[in-house]
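Here's the structure, in structure tokens; my notes come after.
Values in this text are rule-based calculations from the coordinates and carry no lab data. The model shown is predicted, which means the values in this text are computed figures rather than measured ones. Reconstructed Cβ throughout: ideal geometry from the backbone, glycine too, with neighbour counts over all protein chains shown.
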Amino acid sequence: MVFAVVQIGAHQFKVSNGDSIFTERLKFCDVNDKALDAKVIIFKKKRRKNYHRTKGHHQDLTKLRITDIQGIDKSERVPIAA
């Protein structure tokens with residue numbers, strides 16, 4: 001089983017061939033439409049002050065499908081001279 005650890009933005013993912021991952025929206029990827037995450041509710045309240053605010057938003061996501069992982073073959077490694 002071949003896997004790779006990729007870093008996208010501030011997150012790291014362990015992926016293998018055929019995996020699909022959701023990551024934060026990538027500006028350079030516009031192949032398909034963007035996917036939306038579940039709605040996040042923001043509720044602010046100050047007690048005894050008659051103050052409460054409700055907001056919500058959907059985070060923009062990009063779905064990436066891993067088709068192939070290519071790596072370095074051990075026979076191709078060049079030894080480092082000290």
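The ILE21 and MET1 beta-carbon pair, evaluated with R₀ = 25 Å, returns a calculated FRET efficiency of approximately 0.90. The charge dipole of segment 3-71, taken about its Cα centre with unit charges on the Cβ of Lys, Arg, Asp and Glu (plus for the first two, minus for the last two), comes to roughly 1160 debye.
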